[in-house]
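So the structure is just underneath, and the comments pick up after that.
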Amino acid sequence: MANLSVRIGSLKLKNPVLVASGTFGYGGDVPDLSDVNTIGGIVTKSLSMKPRDGNPPDRIVETAGGMLNSIGLANIGVHEFIKNKLPGLRKFDTAIIANIAASSVEEYCDVLTLLEAQEGIHGYEINVSCPNVKEGGLSFGTDPVITAEITRRLRKLTPKCLLMKLTPNVTHVSEFARGVAGEGADGISLINTVVGMAIDHRRRTPKLSTVTGGLSGPAIKPIALAKVYEAALAVKIPIIGIGGIMNTGDALEFLIAGATAIQVGTANFIDPSASMKIAAGLGEYCDANNIANVKDLVGTLKVRADISVVKSWL
């Protein structure tokens, strides 16, 4: 059987499949529908210092080839997570990666410090697609200098796996990838959702209460693949590919484009066992094609060296 294990910084995953933040609750919500012990890891729902109610409804809308969400980072807060969710997660035989969201650099640091003192957390994923309240509400993730600063500050607080989750809503994600890699990130999660909107043409009103939201699902897979490929050309640290992965074939595309691991998101709403099926499918594919190690697939895309669009990214 093929070796499916991969390493991201100090963290070794049994296989390259994780469930994406915000699409699988806090990790232990559907034990009768999925066996998380068979996948590489769980990325928790975003955690902030204090509980957040999030945005008012409607905040999820189905679209052609995907869905729009404007949840507003609703969560129970880090203290409640530590008290009532983390004990259950410790029972799983898989990596637990805490996703952190914040409205200031200091809040990122404070939340990570609290989690760092707990047992059962193997790494962190930092959601920088959050409003920076000190800078007029613009997303941290659209400023490469601040994104790098957050990475630098958090790197000093933990030896555990540190992943920076980058937004695709920038011109060149490679600039951001190089910034976080230079400040010690162990890996890059890419991509977060793409800004989109939906309109009720009968009422002439937006379908989301916030007008725009984050688009996910199969519709964004081509964008995600391009961003992963761009980042993989720019840095040597692992990329975790995210965006419209619904089956094993989709996961293979991301690995070939340069991702070391992948996250399954929107597919979880359709089938809570989707990630488990994809992990099994990767093993079957490798065995059927005499691939001894899944890492041998990473970055194997065959591209002409003179492709101008590739050169424009570097």
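Among D93, D186, D110, which is within 17 Å of Q263 (Cβ to Cβ), touching a residue at least 24 places away in the same chain (Cβ under 8 Å) and either of a type in the set (D, E) or surrounded by fewer than 16 Cβ atoms within 10 Å (Cβ to Cβ) (or both)? It would help to see each step written out before you state the result.
Details: D93 fails: within 17 Å of Q263 (Cβ to Cβ); D110 fails: within 17 Å of Q263 (Cβ to Cβ).
Among D93, D186, D110, only D186 is within 17 Å of Q263 (Cβ to Cβ), touching a residue at least 24 places away in the same chain (Cβ under 8 Å) and either of a type in the set (D, E) or surrounded by fewer than 16 Cβ atoms within 10 Å (Cβ to Cβ) (or both).
Sort out which residues of segment 67-79 are assigned to a helix (DSSP H, G or I) and either surrounded by 15 or more Cβ atoms within 10 Å (Cβ to Cβ) or aromatic (F, W, Y) (or both), and write them in order of number.
Start the filter on segment 67-79 by keeping residues that are assigned to a helix (DSSP H, G or I), which leaves 78-79.
Of everything in segment 67-79, just one residue is assigned to a helix (DSSP H, G or I) and either surrounded by 15 or more Cβ atoms within 10 Å (Cβ to Cβ) or aromatic (F, W, Y) (or both), namely V78.
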Reported set for segment 62-96 where residues are within 26 Å of T38 (Cα to Cα) and of a type in the set (A, V, I, L, M, F, W, C) is F81, I82, L86, L89, F92, A95, I96
May I ask you to verify whether L33 is touching an Asp or Glu at 6+ places or on another chain (Cβ under 9 Å) and aliphatic (A, V, I, L, M)? yes
Based on what the data block shows, is A148 in a loop (DSSP other than H, G, I, E, B) and closer than 20 Å to A232 by Cβ? no
Among the residues of segment 26-52, write down those that are under 16 Å from A261 (Cα atoms), in a loop (DSSP other than H, G, I, E, B) and of a type in the set (V, I, T). I39
Positions within segment 40-52 being surrounded by fewer than 19 Cβ atoms within 10 Å (Cβ to Cβ) and either at pLDDT below 95 or touching a strand residue (DSSP E or B) at 6+ places or on another chain (Cβ under 8 Å) (or both), in sequence order: P51, R52
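Would you point out the residue of segment 206-226, among those that are assigned to a helix (DSSP H, G or I) and not hydrophobic (A, V, I, L, M, F, W, C), that is farthest from I191 (Cα to Cα)? Step through it out loud before you land on a result.
Quick first cut of segment 206-226, residues assigned to a helix (DSSP H, G or I) only: 218-226.
Filter once more, so that each one left must be not hydrophobic (A, V, I, L, M, F, W, C): 218, 221-222.
On the way: P218: 13, K221: 9, P222: 11 Å.
Only one residue fits best here, namely P218.
If we scan segment 236-245, do we find a residue that is of a type in the set (K, R), in a helix (DSSP H, G or I) and surrounded by fewer than 19 Cβ atoms within 10 Å (Cβ to Cβ)?
If we filter segment 236-245 for residues that are of a type in the set (K, R), which is where we start, we get 236.
Now drop any that are not in a helix (DSSP H, G or I), which leaves none.
No, because not a single residue in segment 236-245 is of a type in the set (K, R), in a helix (DSSP H, G or I) and surrounded by fewer than 19 Cβ atoms within 10 Å (Cβ to Cβ).
Of the residues N37, N15, N84, N55, only one is among the polar types (S, T, N, Q), over 24 Å from C109 (Cβ atoms), out of contact with any strand residue (DSSP E or B) (no Cβ under 7 Å at 6 or more places or on another chain) and surrounded by fewer than 16 Cβ atoms within 10 Å (Cβ to Cβ); which? Lay out the reasoning, then the answer.
Working: N15 fails: surrounded by fewer than 16 Cβ atoms within 10 Å (Cβ to Cβ); N84 fails: over 24 Å from C109 (Cβ atoms); N55 fails: surrounded by fewer than 16 Cβ atoms within 10 Å (Cβ to Cβ).
Residue meeting the stated conditions: N37.
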Go through (1) touching a Pro at 6+ places or on another chain (Cβ under 9 Å); (2) at pLDDT 95 or above for A74 and report which single condition fails. (2)
Within segment 275-283, identify whether any single residue is within 27 Å of G66 (Cβ to Cβ), free of Cβ contacts under 8 Å to residues at least 60 places away in the same chain and among the aliphatic types (A, V, I, L, M), and answer yes or no. no
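Please find, among L162, L154, the residue that is under 28 Å from A117 (Cα atoms), touching a Lys or Arg at 6+ places or on another chain (Cβ under 7 Å) and at pLDDT 95 or above.
Values: L154 fails: touching a Lys or Arg at 6+ places or on another chain (Cβ under 7 Å).
Exactly one of L162, L154 is under 28 Å from A117 (Cα atoms), touching a Lys or Arg at 6+ places or on another chain (Cβ under 7 Å) and at pLDDT 95 or above, namely L162.
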If I filter segment 18-25 for residues that are modelled with pLDDT of 95 or more and outside any loop (DSSP other than H, G, I, E, B), do I get at least one hit? yes
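Collect the residues in segment 287-309 that are out of contact with any Leu (no Cβ under 7 Å at 6 or more places or on another chain), in a helix (DSSP H, G or I) and modelled with pLDDT of 95 or more, keeping them in residue-number order. Quick ask: steps written out before the conclusion?
Taking segment 287-309 as the starting set, the residues that turn out to be out of contact with any Leu (no Cβ under 7 Å at 6 or more places or on another chain) are 287-290, 292-293, 295-296, 299-309.
Applying the additional criterion that residues be in a helix (DSSP H, G or I) yields 287-288, 295-296, 308-309.
Within segment 287-309, D287, A288, K295, D296 qualify.
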Exactly one condition in (1) outside any loop (DSSP other than H, G, I, E, B); (2) acidic (D, E); (3) under 23 Å from K14 (Cβ atoms) is false for E119; which is it? (1)
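The values are calculated or read from the model by the stated rules, or taken from the named source; none is laboratory data. Just so we're clear, the structure is a prediction, and the values are computed from it rather than from any experiment. All Cβ positions, glycine included, derive from the backbone under ideal geometry; neighbour counts span all protein chains shown.
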